[in-house]
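Working notes, structure below.
The values are calculated or read from the model by the stated rules, or taken from the named source; none is laboratory data. Nothing here was measured: the structure is a model prediction, and the numbers come from that model. As a convention, Cβ positions derive from the backbone with ideal geometry for all residues, glycine included, and neighbour counts pool all protein chains shown.
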Amino acid sequence: MPNWFIALFLSMCFLPAVAQNSVGPGNALHFDGVNDHVDLGPSLQNMTLPITVNVWVKPATQLQSTVFSSNRNPSMVTYHGLWLNVASDRVTMSLGSGSGDFSPTSRSSYVVVTPNSMAGEWIHIAAVFRGMGDMDMYINGEIQTGYYTGTGTTWSNSLSGNAWLGKKRATGGRFYEGELDHLSVWDRELTLTEIRDIMTTKITASVPDLLMAYDLNEAAGSNTFTNIGSAGTTGTRIGATTIQSTAPIGDTSVYAYATSGSGYFTNQSVTLEIANQEFIVSSLAQPSHGVHLYRIDNDPSITGSGCVSPHAWGIWVADTDFSTDDPFDVVSSPFILKETRDNIADTWQSTSSPATGITSQAEFSIEGQLTVQLFPEDTTICPGQTVPISLPNGFSYAWDDGNTSASRTLGPGTYIVTASAGGCSAEDTLVITEFSVNALPFTDTTTCDSVLFVTPAGTTVIWPDGGGGNRYLFPGTYTVSVTSGNCSFVETIVVGTASPENIPFFPTYSFCEGESLNFSVPSSYSIVTWSDGYVGNQRTISESGTYEFTASSSCGDVDVDFQVFVENCDDVYIYLPNAFTPNGDGMNDVYFIENLAGLEFTWTVFDRWGAKIYQTSDPDGYWDGTFRGRLVSEGAYPIILKYKTRSGEFAEKTAFINVFR
């Protein structure tokens, strides 16, 4: 489930004009995944374990990329110091041994794989490094279960290097892509309570054991970032972009975590309070673990005078599942809630109190009353028509397109206006929709024979031959006249010739002895003839071999062939893919072998003359189709995988990799 959070404003009458900007912790950094990074200087060269690293990240969809490294230089070719890597579905913390290149022998890593993708969500990570093979990871305030990789045994931190945000290693690896906020590094192991205490609270002053603390709130034009920790070095920006942060961080915060239901809320309510301001969060259920209330004291969009309180409030519900929506409700009586449905938008809408079914990031203002209606109801008009709008007297107006008039004539579109009076303001939105034939079920389509178009009730359709009503249409182009209500249109409908229905299949199937493959051909194919004489759309396959068939339908014939490999799976199952396309299109661009984690192995790629062009013993290693920095030519390349089975025996697999562009 996403980690929902809601920001709240306190006010007494209209929404204040300055409160249209979103609340939040200030600024964050966006990294482009290409070369953006921040140099944090040599502050951590002399640190000793244990160490705790805290950071908020909002990763893009990506493979493993480096968020933070403590001690390295641009030419370093081995793991050194400590590392924190993030992918869409995992977080990896590592300690480097300083030898063995970027291979498993050069590090000890702890990997936590999430059940679903974290891409596009704010995630709080707390990584506790005690020693090689002795690490803990907390995500969103909960300790996580993971696994260790790498065989390094002795931590090395003697290199005279710098700490970095977002910078990839010297060879291989990736720059971080996504957003990042509030990094802190501590010279001791933080407890779970301490981690939860600082998760949603800004660190504004140096405290004991704090080595680094960067809030990244400097302006977009600043190239440096201030460290308020004791290992004080100014960070230097190299390309990262300053953006408004939407991370759930305030000046002070309180929280509650589930104590039953296997650590999940079970349709529970939680009451949280800061400085006598109470909020009730209800309908909390699995997979939610905890809920935080935070207060922002110095948001520049709020003026503490007239009808406005100087504080903003936020509620953040945490989980570690990242898949299923967990709607929850918010009450802060006796006020009326107004909301905007994400944490950065400026369009406020009235809602009932309590606010129910929150399933996305949202902001709220809490008001005593709202006494002006600006727009009429949303409406639909015919093409070419307009709507005259006259707003109430006694207000000054600001439209989203810069217009300041109280009276306008509007065509189709979405319009937002802010009315201001007496230091307060109210906002409203009007949507004018143009009626279009595209709203009717007359859309371009394809067919092998003919398709039935059904005329909706209340609509008249005149076909090219002058007739009306429902029609079977064969491939061709039809110009029709449509009348619905007071609107009339002329529209062109294109019916194309369809291709045979797609038959889903893989070129290669592999499974264990004793298992079988149930292969199905869509029922739109009336005749399916296999090369071995079998006839039928359904077939159960349990033997290795090449299988071929011809499927016939009214749209034509389709020929399909695929291979089946039945293997002995008493030991670990390892499959060597036979092709990839390193053409930079983002699909199948690298060659990677799965299920190698925890094994002692080496796989090597050779050219057609037997020369070695790539080798790795890293379970995360992959070949990008290059040799000495240049893409190899298309063709087949031998690969040899040597590994030790779980029973301790040495085994070997060979294959050919087909490189296509």
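Is there a residue being touching a strand residue (DSSP E or B) at 6+ places or on another chain (Cβ under 8 Å), among the β-branched types (Val, Ile, Thr) and either under 27 Å from residue 46 (Cβ atoms) or modelled with pLDDT of 95 or more (or both) anywhere in region 168-180? Looking through region 168-180, none of the residues is touching a strand residue (DSSP E or B) at 6+ places or on another chain (Cβ under 8 Å), among the β-branched types (Val, Ile, Thr) and either under 27 Å from residue 46 (Cβ atoms) or modelled with pLDDT of 95 or more (or both). With respect to (1) within 30 Å of residue 522 (Cβ to Cβ); (2) at pLDDT 95 or above; (3) not acidic (Asp, Glu), the lone exception for residue 623 is condition (1). Listed by first and then second residue, the pairs linking a residue in region 389-405 that is exposed (fewer than 14 other Cβ atoms within 10 Å of the Cβ) to a residue that is assigned to a strand (DSSP E or B) and polar (S, T, N, Q), with Cβ atoms under 6 Å apart and 6 or more places separating them unless they lie on different chains, are 390/407; 396/420. With respect to the conditions (1) without any contact (Cβ under 8 Å) to a residue 40 or more places away in the chain; (2) among the β-branched types (Val, Ile, Thr); (3) assigned to a strand (DSSP E or B), residue 125 falls short on a single one, namely (1).
Of all the criteria given as (1) surrounded by 13 or more Cβ atoms within 10 Å (Cβ to Cβ); (2) farther than 30 Å from residue 542 by Cα, the one not satisfied by residue 640 is (2). Would you mind finding the one in 77, 67, 53, 57 that is at pLDDT below 85, in the same structural domain as residue 196 (by the TED database) and of a type in the set (Val, Ile, Thr)? The conditions single out 77. Selection of region 436-468 for residues being buried (at least 17 other Cβ atoms within 10 Å of the Cβ), at pLDDT below 75 and over 30 Å from residue 553 (Cα atoms) yields 437, 440.
What about residue 141, is it within 25 Å of residue 200 (Cβ to Cβ) and at pLDDT below 90?
Details: within 25 Å of residue 200 (Cβ to Cβ): yes; at pLDDT below 90: no.
No.
Picking from residues in region 471-515 that are surrounded by 16 or more Cβ atoms within 10 Å (Cβ to Cβ) and among the β-branched types (Val, Ile, Thr), the one that is nearest to the chain's Cα centre (by Cα) is 503.
Checked against (1) part of a loop (DSSP other than H, G, I, E, B); (2) more than 35 Å from the chain's Cα centre (by Cα), residue 620 passes all but a single condition, namely (2).
Taking region 603-617, which residues are surrounded by fewer than 19 Cβ atoms within 10 Å (Cβ to Cβ) and part of a loop (DSSP other than H, G, I, E, B)? Working first, answer last.
Here is the first cut: in region 603-617, the ones surrounded by fewer than 19 Cβ atoms within 10 Å (Cβ to Cβ) are 604, 606-613, 615.
Selection gives 607, 608, 609, 610, 611.
Do you know which residues across region 222-267 are of a type outside the set (A, V, I, L, M), at pLDDT 90 or above and outside any strand (DSSP E or B)? Result: 222, 223, 226, 227, 229, 230, 234. Residues in region 43-60 that are part of a loop (DSSP other than H, G, I, E, B) and not hydroxyl-bearing (Ser, Thr, Tyr) were compared, and the one that is surrounded by the fewest Cβ atoms within 10 Å (Cβ to Cβ) is 46. Only one entry in 159, 216, 190 is in contact with a helix residue (DSSP H, G or I) (Cβ under 9 Å, 6 or more places away or on another chain), in a loop (DSSP other than H, G, I, E, B) and either over 29 Å from residue 264 (Cα atoms) or hydrophobic (A, V, I, L, M, F, W, C) (or both), namely 190.
Could you give me the residue pairs with C-beta distances under 8 Å whose first residue belongs to region 182-203 and is within 16 Å of residue 123 (Cα to Cα), whose second residue is in a helix (DSSP H, G or I) wherever it lies, and which are 6+ apart or on separate chains? Filtered contacts from region 182-203: 184/198. Quickly run through region 204-246 and pick out the residues that are in contact (Cβ under 8 Å) with a residue 60 or more places away in the chain and β-branched (Val, Ile, Thr). Hits for region 204-246 are 233, 234, 236, 238, 241, 242, 243, 246. Would you be able to tell me the number of residues in region 523-542 that are touching a Phe, Trp or Tyr at 6+ places or on another chain (Cβ under 7 Å) and among the hydrophobic types (A, V, I, L, M, F, W, C)? Adding up the residues that qualify gives 3. Against the numbered list (1) assigned by the TED database to the domain that holds residue 532; (2) more than 30 Å from residue 525 (Cβ to Cβ); (3) of a type in the set (A, V, I, L, M, F, W, C), residue 574 comes up short only at (1). Residues that are modelled with pLDDT of 85 or more and of a type in the set (Phe, Trp, Tyr): does region 269-292 have at least one? Within region 269-292, none of the residues are modelled with pLDDT of 85 or more and of a type in the set (Phe, Trp, Tyr). Checking 148, 110 one by one, the residue that is more than 29 Å from residue 215 (Cβ to Cβ), modelled with pLDDT of 95 or more and either outside any loop (DSSP other than H, G, I, E, B) or touching a helix residue (DSSP H, G or I) at 6+ places or on another chain (Cβ under 7 Å) (or both) is 148 and no other. Looking at this structure, is residue 486 out of contact with any Asp or Glu (no Cβ under 9 Å at 6 or more places or on another chain), closer than 30 Å to residue 455 by Cα and not β-branched (Val, Ile, Thr)? Answer is yes for this residue.
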